[in-house]
1. Go through [x] 41, 38, 26; [y] 54, 32, 26; [z] 51, 47, 23 and flag the label whose value is the computed Cα extents along the principal axes in Å for this structure.
2. Could you go through the range 33-47 in sequence order and give the Karplus-derived ³J(HN,Hα) for each residue, using 6.51 cos²θ - 1.76 cosθ + 1.60 with θ = phi - 60°, rounded to whole Hz, and x for Gly and Pro?
3. If packing is taken as the average count of other Cβ atoms within 10 Å, what order do 176-183, 125-132 fall into, highest mean first?
4. How far is the Cα center of the range 114-171 from the Cα center of the range 92-109, in Å?
5. State the answer as a single residue: which of Ala74, Gln53, Ser114 lies farthest towards the positive end of the charge dipole of the range 3-185, with beta carbon charges of +1 for Lys and Arg and -1 for Asp and Glu, about the Cα centre.
6. Loop only per DSSP, at most 11 neighbouring Cβ atoms within 10 Å: give me the trypsin sites (Lys or Arg not before Pro) in the range 1-96, ordered by residue number.
7. Using Cβ counts within 10 Å as a stand-in for footprinting exposure, how do Leu43, Leu35 rank, fewest first?
8. Would you mind checking which residues have amide H under 5 Å from Val178's amide H? H placed 1.01 Å from N; only 5 or more apart, or other chain.
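Read-outs: derived from the displayed coordinates by stated rules, not from any lab. For clarity, every value in this text was computed on a predicted model and none was experimentally measured. Cβ: placed from backbone, ideal geometry, glycine included. Neighbour counts: every protein chain shown.
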Amino acid sequence: MNSLIKKLCDGYVIPAIRTAEDFQFALAHANSPSLILLFGDILSLPGMLKQAQEAKKRVIVHLDLLSGIGKDKAGVKYLAQMGVNAIITTKTHLAKVAHQEGVIVIQRLFLMDSEALRTGVNLLEAFKPDAIEVLPGSVPAVAVDKIIKATGLPVLGGGLISTVEDVNSAINNGICAVSSSERDLWNQCSLKGSARKNG
């Protein structure tokens, strides 16, 4: 398994957090060293970062979903100074700024069709983040293979992952790990079945 993925994920599932209740539950019960924050604003974020640090967990902020901060260079720099050390974004210009600030960058790609795949690969040839997240997590193996061959980067999967079978299918298609908001999946560290280990 890729060294970055080992830092982010204890197994194959990274909890994707949509509510304050899920955040508290994940801090107390999820084994994953990282949590993906899909909600919040500039007022609530400092407190959540402090709680996560106390629980020895990394918060991966979905930059596009964070309210109350400018989606610009100054906003990204402010988050880095606040202690955010990992982000997900669809916006390449923000990803580049975050990378320059020493923040782990996960570039999110929506792969709805072959044209979106071509566009995504071209985008990644111009800028290489630390990892890629593809949506939905059920994208076919041929698409994952094309991204890996073009970039050499680890690929995460997100969206429409709600069962162990969904996780296994994504892993078997070449995805390193998935994000899911399903609490029942958060501690699926070693899945049964034919899920392969990615190198």
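1. Given [x] 41, 38, 26; [y] 54, 32, 26; [z] 51, 47, 23, the structure-derived one carries the label [x].
2. After applying 6.51 cos²θ - 1.76 cosθ + 1.60, I find x, 10, 10, 9, 8, 9, 8, x, 8, 5, 7, 7, 4, x, x Hz.
3. Those peptides, ordered most packed to least, come out 176-183, 125-132.
4. Between the Cα centre of the range 114-171 and that of the range 92-109, the gap is 17 Å.
5. Positive-end residue among those listed: Ala74.
6. Loop-located and lightly packed - Lys56.
7. Leu43, Leu35
8. Val13, Ile14, Gly157
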